[in-house]
Amino acid sequence: MVSRVIPVDPFDLVIFGGTGDLAQRKILPALFRRFCSGQWAEGVQIIGAARTVHNRAGFQAMVAESLRAHAAAQCHDEGALRAFLDRVDYVTLDGYSNEGWNQLSDKLNQDRVRAFYFSVGPRLFGPLAERIKAHDLATPSTRIVVEKPFGHDLESARALNATLAEHFRESQIYRIDHYLGKETVQNLMAVRFGNMLFEPLWNSQYVDHIQITVAESVGIDGREEYYERAGAMRDMMQNHLMQLLCLIAMEPPAKFDPDAVRDEKLKVIRALDQVEPHHIVRGQFDGGGSGNGYRETVGNPRSTTESYVALRAHISNWRWAGTPFYLRTGKRLVARSSVINVMFKDAPHSIFGEEAGRHANVLSIRLQPNEGITLKVTIKEPGPGGMRLVDVPLDMSFAEALGSGNQDPPDAYERLVMDVIRGNQTLFMRGDEVEAAWAWTDPIIAGWHARGDVPKPYESGSTGPGDAELLMKRDGRRWQGINP
Ligand SMILES: NC(=O)c1ccc[n+]([C@@H]2O[C@H](COP(=O)([O-])OP(=O)(O)OC[C@H]3O[C@@H](n4cnc5c(N)ncnc54)[C@H](OP(=O)(O)O)[C@@H]3O)[C@@H](O)[C@H]2O)c1
C-alpha cells in the first residue's frame, strides 16, 4: 500500500531556535522529507531565526550538513537537496530584544499560512509571542507551535497559557507532544474506533489491566540541568504517558475533530484518582554497567531527582472502574521500547481443563521501535499430540503492512508540522488538557517533597528498581518484558 500525499498550499514557517538541536535534528529533516514526498507547492519558505549571526548561505550550509546526517536516505538526490535549501532563509534575532524583527517581517508573505515554531527554551515562549504581536507579524492565519516543556507545574502552565492567550486564540496555539504524531498512536484510534472487534471489549468487564511502558536506553547527557529540575515525572509522565493513557481510555468522540477528541481526553484526566504513595515507585540509575550513575552525571551527589517512575493509576468512571493502569518510564533501561499492552482477562471457564494452563489475550501497541500492533491469541499447538494450547502473535508491523519495506514510517514531526500548516489541532494538546495533567501531577511531586522521598537505585541496563516489580506482584500481575 502506498500512502497518499495530500498537497498543501504555500506557507511561511519561521523556526525560532533554527540553529538548535531539535530544529537541526528533527524539524528540518522532517520538512525535507515532506518536501521530497512532493507535498509542497512552489513558494514555501522556511526561515530559521536565532541569535547566532549567519547569512543565508551560512545557514543553508548548516542545514545541508544536518540533513546529510539526519535525512540521509533523501540526501542522495543532490537536486532535491539544492531545491530544498533554496527555500531556506535566516534572520539573526534575539527573542528578548526588538532587533531583527523588521528583517523577519520583510521576508514574510501576506495571505498565506504563517507558522512560528518556538523551538527554544520555555523562558522564551512568552517573549516571542509578545514580539510577534508587537511587530505586527500575526495575521488571522498565523499559528504558533510550542514545544515541551509546557510549564513546570500547574501554576506556571496557567501563567504560560494566559500569556499566550493575550496574543493568540486557542485555535492558533499548537502545543506539541511528538508522541501523538507517531503512526501507531493514530492507529490506536483507528483500531479502537474503526473496528467493531475491540470496542465492545474495551472496558473493565473484559480488560484485566493496561500497561504503558516508555523505556529509554539513553541517559540524560547534555540535558543535565533541565532534567535535574524536571525528573521523569515532569519530563515524561505528565505529558507523553498521560497522552497515551488518554487515547487508550477515552470514550469514542462523536467525530474525529480536534475539540471532540480533546474533550474526551480531558474527561479521562479529570477522572483520574489521586495516586496513593504506595502505588508509586521512583528510581534513579546507578553506575553499574557502563557510564556514570545519575548523580555523577548531574554532578550532584545528593540528587533526589527520579530518572524512573512507575505507578498504578485508576480512572473513576463506568468504563474503567476496577481496571488498573500501570505506567512506567525511565532512563538507561535495558532497551529503548515504548509499548502499550492491553491485558485482557482470562476466559471465564476453560473447556480444556487445568492442564491446558491459563491463557489471556494481549493487544500490544508498539510505538517504538518497529511501530506495529500485535494481538496474542491462543490456538491449538500443531501436531497430533492432543489438545495443547499455545499463544501466538497475530502481528501487524506497519512497515510491512503499508508496503514501505525498507523505509521507516514517517517521523512524528513530519506529520505534526504538516498538521500545523493544514490547521488540524487533533494531535495537539489543548490548554485545559495540559493544566488538568499538571493538576494531577503536582500533588504527587508535592508528596515526595513533603516526605523527603529518595528514589530507589537501579542498575543501568536493567528493567528498573525491584520495587516496580513488587508493585505488580502485590496485585498478582507482572510487567511484560522490555524488548528492543
Ligand atoms: N532537542 C530535543 O530533542 C527536544 C525534544 C523535545 C523538546 N525539546 C524542546 O525544544 C526546545 C529547543 O530545544 P533544543 O534541544 O533545540 O535546544 P538548543 O539546542 O539549546 O537550541 C536552542 C535554540 O534557541 C536559540 N536561542 C536561544 N536563546 C535565544 C534567544 N534569546 N533568542 C533567539 N533564539 C535563541 C538558540 O540559538 P542561538 O544560541 O543562536 O540564539 C538555539 O537555536 C526546548 O524547549 C526543548 O525543551 C527539545
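Name the one entry in Ile46, Ile27 that is within 16 Å of the ligand (Cβ to nearest atom), touching a residue at least 12 places away in the same chain (Cβ under 8 Å) and in a helix (DSSP H, G or I).
Just one listed residue meets the conditions, Ile27.
Among the residues of region 251-263, are any buried (at least 19 other Cβ atoms within 10 Å of the Cβ), at negative phi, within 16 Å of the ligand (Cβ to nearest atom) and not in a loop (DSSP other than H, G, I, E, B)?
no
What residue, of Gln74, Gln39, is away from the ligand (no atom under 14 Å from the Cβ) and either at pLDDT 95 or above or touching a Cys at 6+ places or on another chain (Cβ under 8 Å) (or both)?
Gln74
Which number in (1) in contact (Cβ under 8 Å) with a residue 24 or more places away in the chain; (2) more than 17 Å from the chain's Cα centre (by Cα); (3) farther than 22 Å from Gly322 by Cβ marks the one condition that Asp177 misses?
(2)
List the residue pairs whose Cβ atoms are under 7 Å apart, where the first residue sits in region 375-386 and is of a type in the set (Lys, Arg), the second is modelled with pLDDT of 85 or more and outside any loop (DSSP other than H, G, I, E, B), and the two are 6 or more positions apart or on different chains.
From region 375-386, the pairs are Lys376/Val362; Lys376/Asp391; Lys376/Pro393; Lys380/Leu389.
Hey, among the residues in region 292-322 that are closer than 19 Å to Ala249 by Cβ and among the basic types (Lys, Arg), which one's nearest to the chain's Cα centre (by Cα)?
Arg312
Specify the residue that is farthest from the ligand (Cβ to nearest atom); the eligible residues are those in region 113-150 that are in a loop (DSSP other than H, G, I, E, B) and under 19 Å from Gln425 (Cβ atoms).
By that ranking, first place goes to Pro140.
Tell me, which residue of region 49-62 that is under 23 Å from Lys148 (Cα atoms) and crowded, with 17+ Cβ neighbours inside 10 Å is farthest from the ligand (Cβ to nearest atom)?
Ala49
Which number in (1) in a helix (DSSP H, G or I); (2) farther than 20 Å from Asp411 by Cα; (3) within 9 Å of the ligand (Cβ to nearest atom); (4) not basic (Lys, Arg) marks the one condition that Leu22 misses?
That leaves (2) as the condition not met.
Write out, first by first residue and then by second, each pair whose Cβ atoms fall under 7 Å of each other, whose residues are 6+ apart or on separate chains, and whose first residue, in region 141-157, is at negative phi while the second is acidic (Asp, Glu) and outside any helix (DSSP H, G or I).
Lys148/Asp177
The values are calculated or read from the model by the stated rules, or taken from the named source; none is laboratory data. Predicted model only: the values in this text are computed from it and were never measured. Because the Cβ atoms are built from the backbone with ideal geometry, glycine has one as well, and the counts that use them run over all protein chains shown.
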